[in-house]
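Asker: Following this message is one structure expressed as structure tokens.
The values are calculated or read from the model by the stated rules, or taken from the named source; none is laboratory data. These numbers come from a predicted model, not from an experiment. Positions of Cβ are generated from backbone atoms using ideal geometry, with glycine treated the same way; all protein chains shown enter the neighbour counts.
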Amino acid sequence: MDANEIVEWLRHSPCSAADPFGSGRRGILRFPNSDDYDRFLHMTQAMHTSNAESSLASVRPLNLIQAVSCPIIDREPPAWLRGRAVWEEDAPVQVGALPKGALVTDKGIPWGVKHIQAPRAWSKTTGYRVKVGVIDTGVDFGHPDLRHSLERGINLLHRLSLPQDDNGHGTHISGTIAAANELQGMIGVAPRSMIYPVKAFDYNGTAFVSDIVLGIEWCVRNQMNVINMSFGMKTRSKSLQSAVSNAYRSGVLIVASSGNDGKIGEIDYPARYSQTIAVGATNRQSRVAAFTNRSGLIDIYAPGDRIVSAWLRGKHREMSGTSMATSHVTGAIALLLALKPGLSPGQIKTIVKSSAKPLRKGKTPRIAGELNVLRMIKAAEHL
């Protein structure tokens with residue numbers, strides 16, 4: 001490989017080196033052969049370290065999938081690279097929720113937590129010390145409901161900063177999973193599990209696929225037990241699929257939301273990948289919520305309509321979406337893993353699906369039922 005060719009090629013990026021993570025479109029360059037990836041990485045990192053070429057500042061390694069993320073290049077790659085690497089757009093991803101509801105003063109146990117019968121399981125399990133990676137917008141570290149449930153996590157947008165939430169979505173998700181302040185605030189599904197916030201999304205709730213891949217990589221490396229991914233995209237990404245598959249093979253299960261477009265027969269990625277648990281939303285009447293995407297690929301439904309949870313600056317807000325449903329399922333899995341820590345992702349998925357409570361009749365293609373913690377724990381005891 002010719003190092004000068006690499007530098008010359010990367011120079012032809014529409015995104016300047018001074019603004020490597022600006023508004024320009026990005027691509028992911030994946031190397032099927034690990035030797036090719038190692039050589040490419042070694043060469044670019046060595047040149048960047050020596051300050052030989054500042055345009056390499058925008059190249060980000062994605063070790064989990066043997067790839068790099070960099071601005072989309074305006075010219076053909078060098079001849080030696082063709083056939084050795086695969087290009088894919090580093091597509092934008094959006095956190096998923098419907099327009100925000102009102103700030104509320106409700107306290108205690110939210111209806112969704114009660115509905116899945118989590119409180120009736122707390123005499124057996126509270127999710128004690130189960131590690132939950134929440135790839136999202138961060139979390140409000142000052143929130144009294146989450147004070148005892150948070151570890152530092154990581155901010156992928158600003159590596160030296162705490163993953164502080166500047167959007168609200170990640171705080172809402174984390175509250176449903178693990179809030180632990182019943183007397184003054186609220187309590188989540190698994191109040192003694194530990195949230196590791198992974199801030200991959202900015203204040204607008206937007207990230208690149210590469211940010212998600214880096215988030216999954218961090219969760220695998222730091223031995224999370226389960227990952228919550230309350231977001232989706234319409235297009236298939238082989239890079240994201242590879243990251244999800246690698247996490248699954250490493251023993252880390254990903255719970256993902258199906259999307260809020262009200263579509264029948266179609267759900268978002270990454271929920272559409274078979275190595276995730278795909279979650280749809282129900283309402284208080286145990287009916288599939290009108291906004292939820294649904295298909296035979298849904299693994300489980302859970303409360304997602306008008307869910308009260310933690311919000312920025314120590315407040316609480318009502319929100320709806322399959323994002324909210326996903327956090328109920330993640331919390332339930334934390335309860336399960338505290339009881340049965342050795343379960344594989346495949347075993348967890350089987351338990352969640354087989355123990356589901358049948359849903360009320362409706363106009364929806366359906367195999368999956370609704371999440372029920374007591375039935376889930378009972379099913380696990382028979383393994």
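Asker: Is it the case that some residue within region 138-145 is under 13 Å from the mean Cα position of the chain (by Cα) and among the acidic types (Asp, Glu)?
Answerer: no
Asker: When you look at LYS107, is it buried (at least 16 other Cβ atoms within 10 Å of the Cβ) and out of contact with any helix residue (DSSP H, G or I) (no Cβ under 9 Å at 6 or more places or on another chain), yes or no?
Answerer: The answer is yes for LYS107.
Asker: Of ALA243, ALA281, which residue is assigned by TED's automatic domain parsing to the domain that holds VAL132 and either more than 22 Å from PRO197 (Cβ to Cβ) or of a type in the set (Asp, Glu) (or both)? Explain how you work it out, then say what you get.
Answerer: Details: ALA243 fails: either more than 22 Å from PRO197 (Cβ to Cβ) or of a type in the set (Asp, Glu) (or both).
When all the criteria are applied, what remains is ALA281.
Asker: Continuing with this model, one more query. Yes or no: ILE333 assigned to a loop (DSSP other than H, G, I, E, B), assigned by TED's automatic domain parsing to the domain that holds LYS238 and either surrounded by 23 or more Cβ atoms within 10 Å (Cβ to Cβ) or among the hydroxyl-bearing types (Ser, Thr, Tyr) (or both)?
Answerer: Spelling it out, it is not the case that ILE333 is assigned to a loop (DSSP other than H, G, I, E, B), assigned by TED's automatic domain parsing to the domain that holds LYS238 and either surrounded by 23 or more Cβ atoms within 10 Å (Cβ to Cβ) or among the hydroxyl-bearing types (Ser, Thr, Tyr) (or both).
Asker: Going through ALA271, ALA310 one at a time, which residue ends up being more than 30 Å from GLY108 (Cα to Cα) and of a type in the set (Gly, Ala, Ser)? Spell out how you get there, then give the answer.
Answerer: On the way: ALA310 fails: more than 30 Å from GLY108 (Cα to Cα).
ALA271 is the lone residue from the list that is more than 30 Å from GLY108 (Cα to Cα) and of a type in the set (Gly, Ala, Ser).
Asker: Determine whether region 300-318 contains at least one residue that is in a helix (DSSP H, G or I) and either among the charged types (D, E, K, R) or closer than 23 Å to PRO358 by Cβ (or both).
Answerer: yes
Asker: In addition: Every residue in region 82-107 that is closer than 23 Å to GLN184 by Cβ and either acidic (Asp, Glu) or at pLDDT 90 or above (or both), please.
Answerer: LEU103, VAL104, ASP106
Asker: Let me ask something else about it. Have a look at ARG313, ARG306 and point out the one that is surrounded by fewer than 17 Cβ atoms within 10 Å (Cβ to Cβ) and on the phi > 0 side of the Ramachandran plot.
Answerer: After ruling out the rest, the residue left standing is ARG313.
Asker: Inspect all residues belonging to region 214-228 and state whether any of them is within 24 Å of ARG26 (Cβ to Cβ), touching an Asp or Glu at 6+ places or on another chain (Cβ under 8 Å) and either surrounded by 24 or more Cβ atoms within 10 Å (Cβ to Cβ) or of a type in the set (Ser, Thr, Tyr) (or both).
Answerer: Looking through region 214-228, none of the residues is within 24 Å of ARG26 (Cβ to Cβ), touching an Asp or Glu at 6+ places or on another chain (Cβ under 8 Å) and either surrounded by 24 or more Cβ atoms within 10 Å (Cβ to Cβ) or of a type in the set (Ser, Thr, Tyr) (or both).
Asker: Continuing with this model, one more query. For region 162-188, enumerate the residues that are assigned to a loop (DSSP other than H, G, I, E, B) and either outside the structural domain of ILE212 (by TED's automatic domain parsing) or closer than 22 Å to VAL209 by Cβ (or both). If you could, list the steps in order and put the result at the bottom.
Answerer: Initially, region 162-188 is screened for residues assigned to a loop (DSSP other than H, G, I, E, B), giving 162-163, 165-168, 179, 181-185, 188.
Within region 162-188, PRO163, ASP165, ASP166, ASN167 qualify.
Asker: Next question. Kindly establish whether THR282 is in contact (Cβ under 8 Å) with a residue 24 or more places away in the chain and either of a type outside the set (S, T, N, Q) or over 22 Å from ILE351 (Cβ atoms) (or both).
Answerer: no
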